[in-house]
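Below is one structure, written out as structure tokens, with a few remarks after it.
The values are calculated or read from the model by the stated rules, or taken from the named source; none is laboratory data. None of these values were measured; they are calculated from a predicted model. Ideal geometry is used to build each Cβ from the backbone, glycine not excepted, and the neighbour counts take in all protein chains shown.
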Amino acid sequence: MNRKLIAGNWKMNGLRVDLQTVREIATGLAASTAAPEALLCVPATLLAEAARQASGTALCIGGQTCHSQEKGAYTGDVSAPMLKEAGAGFVITGHSERRTGHGETDEIVAAQARAAVNAGLTPIICVGETLDERSSGATLKVIEGQLTGSLDGLEPNSFVLAYEPLWAIGTGKVATPAQIAEVHAFIRQFLEQRFGKPGQTVKILYGGSLNPGNAAEILPISNVDGGLIGGASLKAGDFLAIYNAAAALTV
Ligand code: PEP
């Protein structure tokens, strides 16, 4: 069985005082190598210090986006080598808040993901449909289009995917187990067709209002290899409860 990955996305939340949460999470993780992987994607300003606090523990630290270029005249942007040097192991690319708020297309997301891989990071590439797309029956078509564009030029063992229905992010509305199972099976099929056998082991995370109350129902679903968690990753107790729900599946 794929080791599950429980990943937090702090978004634009977190000051130095919140490094206490990083420490609490890091010390609350299981030590065993069979335990789920744990990751916190913190704001760029906290990355180096969070990585220092997590050093020597099972907690990985990641960024939330990166530019497709290594360096240059891109005011305000952060490159993948910068994240890597600061201590990141992962970076989220193509989160819907970047796709919609910053005009990041599938082509841009793929270029960012390739830049991440070139810098030694594992990109977590997000895909997901809007409520209108779901209502009109276009979900799988939309996901297929995003996967086709966003995975361009990537090797199967170099990235993680996250299925995040936009209508479930930060809304408290969770996709049903049947909806999650359908899309994750579709993504798995896509990966197998595109990459062959290695496509069977690409991790596919679910994201969208995952919390301690629903984790035990969602994480065991077939082809769900972990979770990408926004709001509930800001509290150590909530993050660890989700992590423990994943850990309970491996014993
Ligand atoms: C996210 O931002 O990736 C996310 C899933 O947020 P939330 O858990 O708050 O819905």
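Among the residues of the stretch 140-170, which ones are more than 27 Å from ALA119 (Cβ to Cβ), modelled with pLDDT under 95 and touching a Phe, Trp or Tyr at 6+ places or on another chain (Cβ under 7 Å)? Selection gives nothing.
Which residue out of THR148, THR139, THR201 is within 17 Å of the chain's Cα centre (by Cα) and away from the ligand (no atom under 16 Å from the Cβ)? Steps first, answer last, please.
Details: THR148 fails: within 17 Å of the chain's Cα centre (by Cα); THR139 fails: within 17 Å of the chain's Cα centre (by Cα).
Exactly one of THR148, THR139, THR201 is within 17 Å of the chain's Cα centre (by Cα) and away from the ligand (no atom under 16 Å from the Cβ), namely THR201.
Tell me which residues, restricted to the stretch 97-109, are part of a helix (DSSP H, G or I), away from the ligand (no atom under 14 Å from the Cβ) and farther than 18 Å from GLU144 by Cα. Once the filter is applied, which keeps residues that are part of a helix (DSSP H, G or I), away from the ligand (no atom under 14 Å from the Cβ) and farther than 18 Å from GLU144 by Cα, the stretch 97-109 yields nothing. On the basis of being modelled with pLDDT of 95 or more and either buried (at least 16 other Cβ atoms within 10 Å of the Cβ) or within 27 Å of ILE204 (Cα to Cα) (or both), does THR75 make the cut? The answer is no for THR75. Checked across the stretch 190-205, the condition of being buried (at least 19 other Cβ atoms within 10 Å of the Cβ), under 24 Å from GLY28 (Cβ atoms) and not polar (S, T, N, Q) holds for at least one residue. When only residues in the stretch 212-221 that are crowded, with 20+ Cβ neighbours inside 10 Å and not small (Gly, Ala, Ser) count, which is farthest from the ligand (Cβ to nearest atom)? Within the stretch 212-221, the match that is farthest from the ligand (Cβ to nearest atom) is LEU219. The residues on offer are PRO36, PRO81, PRO123, and the sole one that is surrounded by 24 or more Cβ atoms within 10 Å (Cβ to Cβ) and more than 16 Å from the ligand (Cβ to nearest atom) is PRO36. With the structure loaded, tell me whether THR21 is surrounded by fewer than 21 Cβ atoms within 10 Å (Cβ to Cβ) and of a type in the set (Ser, Thr, Tyr) or whether it fails that test. Answer is no for this residue. If you go through the stretch 207-231 and keep only what is farther than 16 Å from GLU182 by Cα and either in a loop (DSSP other than H, G, I, E, B) or free of Cβ contacts under 8 Å to residues at least 24 places away in the same chain (or both), you end up with SER209, LEU210, ASN211, PRO212, GLY213, ASN214, GLY230.
Would you mention how many residues in the stretch 16-58 are in a loop (DSSP other than H, G, I, E, B) and in contact (Cβ under 8 Å) with a residue 24 or more places away in the chain? Here the count works out to 11. Within the stretch 63-78, not a single residue is part of a helix (DSSP H, G or I) and either within 26 Å of LEU161 (Cβ to Cβ) or hydroxyl-bearing (Ser, Thr, Tyr) (or both).
Screening the candidates GLY213, GLY237 for the property of being within 20 Å of TRP10 (Cβ to Cβ), out of contact with any Leu (no Cβ under 8 Å at 6 or more places or on another chain) and not acidic (Asp, Glu) yields one hit, GLY237.
Here the condition is being buried (at least 23 other Cβ atoms within 10 Å of the Cβ), within 21 Å of PRO43 (Cα to Cα) and within 15 Å of the ligand (Cβ to nearest atom); of GLY231, GLY208, it holds for GLY208 alone.
Within the stretch 83-104, residues that are more than 15 Å from PHE159 (Cβ to Cβ) and of a type in the set (Asp, Glu) reach partners that are assigned to a helix (DSSP H, G or I) and away from the ligand (no atom under 12 Å from the Cβ) with beta carbons closer than 9 Å, at six or more positions or on different chains, in the pairs GLU85/ALA48; GLU104/GLN112.
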